[in-house]
Amino acid sequence: VKYEAKHKASFGVVMIILGCELAVIESFLFSKVLPLIGTSKDTFFWALTEHSGKLYAGTYGLDTGGPRAYNYPPWRFLKAFAAGESITEFAKLDGKLYASTEKKGYIYVMNNADPTDWGYAHQDSYNCALSIKLFNGYLYCYIYNSPNGLSRCVRSNSGNPGTWELAAPFTAYFLPDFVVFDGKLYLVGNRSADHRIWAWRTTNGLDWETAPGLCDAEVDGQWICPMVLNGEMLIGMGERPDGKSKIFSYDGTSRTEKFSVTAGSP
């Protein structure tokens, strides 16, 4: 079973993505039998969020002709998106739900009156919109260009087509995850040229700096799955040559290792 924990949602209980099935748990005591709330024919669920009292799920669709969007309760198929795309993340602005997608660089917006109706909010010339996040009244989207490894962050305070502006270019970085922590917006991942852990942050959305304690030219790996819990940032590290996955806490200046496990071990 593939556990996909990149994106999480708070829905009164803890949600967990099990490959192409969604299940729910009410505590952190995992068991082998979890109540199933929905399935998909796609490889796995990638995006998960709550909107207007329903859970929205988006799938990885690169190898199945295109991703699908669902909501719950009850479990309902909403839309099949364009061939080759994947729904990478959801975000909300002014009561509307947006989805970033890879392969074609589209950002979609859902019609609240008809959740099967999704229109284009932005189409970028870069082809992989990997994450989207609300910060200080703006939607930010990180978009990677797979042919040449360039990437950039764009933003809009309305979400409407034609209003997305460049927030920052990122040359030779792969930064697929946002997190908001202590009044700052972070983009985390690695430095592409040498695969070293790296992160950038901003307070105003336009002026970015490297994040102290999260950039390390000596560590081969990638930051993944950042989240804030009880006022503390928790962040995962993967893609290490030693096969280990790690979890760190971060206070804005330094990191502390909390957990380490070798791939394949229980």
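The values are calculated or read from the model by the stated rules, or taken from the named source; none is laboratory data. Predicted model, so just to flag it, every value in this text is computed and none were measured. So basically every Cβ, Gly included, is an ideal-geometry build from the backbone, and we count neighbours across all protein chains shown.
Are any residues in the stretch 80-107 within 15 Å of residue 145 (Cβ to Cβ) and without any contact (Cβ under 8 Å) to a residue 24 or more places away in the chain, and if so, which ones?
Matches in the stretch 80-107: 104 only.
Filter the stretch 75-120 for residues that are charged (D, E, K, R), crowded, with 23+ Cβ neighbours inside 10 Å and in a strand (DSSP E or B) and give the result.
89
Among the residues of the stretch 186-202 satisfying the criterion of being assigned to a loop (DSSP other than H, G, I, E, B) and within 20 Å of the chain's Cα centre (by Cα), which is surrounded by the fewest Cβ atoms within 10 Å (Cβ to Cβ)?
195
Among the residues that make up the stretch 223-233, is at least one of them at pLDDT 95 or above, assigned to a loop (DSSP other than H, G, I, E, B) and either among the basic types (Lys, Arg) or over 18 Å from residue 100 (Cα atoms) (or both)?
No.
Take the conditions surrounded by 16 or more Cβ atoms within 10 Å (Cβ to Cβ) and at positive phi and apply them to residue 159. Does it pass?
Judged against the criteria, residue 159 is a match.
Report yes if some residue within the stretch 62-69 is in a strand (DSSP E or B) and at negative phi; otherwise report no.
Step one: of the stretch 62-69, the residues in a strand (DSSP E or B) are 68-69.
From the residues that got through so far, the ones that are at negative phi too are 68-69.
Yes.
Could you list, in sequence order, the residues of the stretch 211-254 that are under 21 Å from residue 192 (Cα atoms), touching a residue at least 40 places away in the same chain (Cβ under 8 Å) and not small (Gly, Ala, Ser)?
212, 214, 222, 223, 224, 225, 226, 235, 237, 239
The rows are residues; the columns are (1) within 22 Å of residue 108 (Cβ to Cβ); (2) without any contact (Cβ under 8 Å) to a residue 12 or more places away in the chain.
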| site | (1), (2) |
| --- | --- |
| 150 | no, no |
| 154 | yes, no |
| 162 | yes, yes |
| 169 | no, no |
| 177 | yes, no |
| 181 | no, no |
| 188 | no, no |
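Do we have any residue at all in the stretch 236-250 that's in contact with a Ser or Thr (Cβ under 9 Å, 6 or more places away or on another chain), of a type in the set (Phe, Trp, Tyr), surrounded by 18 or more Cβ atoms within 10 Å (Cβ to Cβ) and at pLDDT 95 or above?
yes
For the subset of the stretch 204-222 comprising residues that are buried (at least 18 other Cβ atoms within 10 Å of the Cβ) and not in a loop (DSSP other than H, G, I, E, B), which member is farthest from the chain's Cα centre (by Cα)?
The residue in question is 208.
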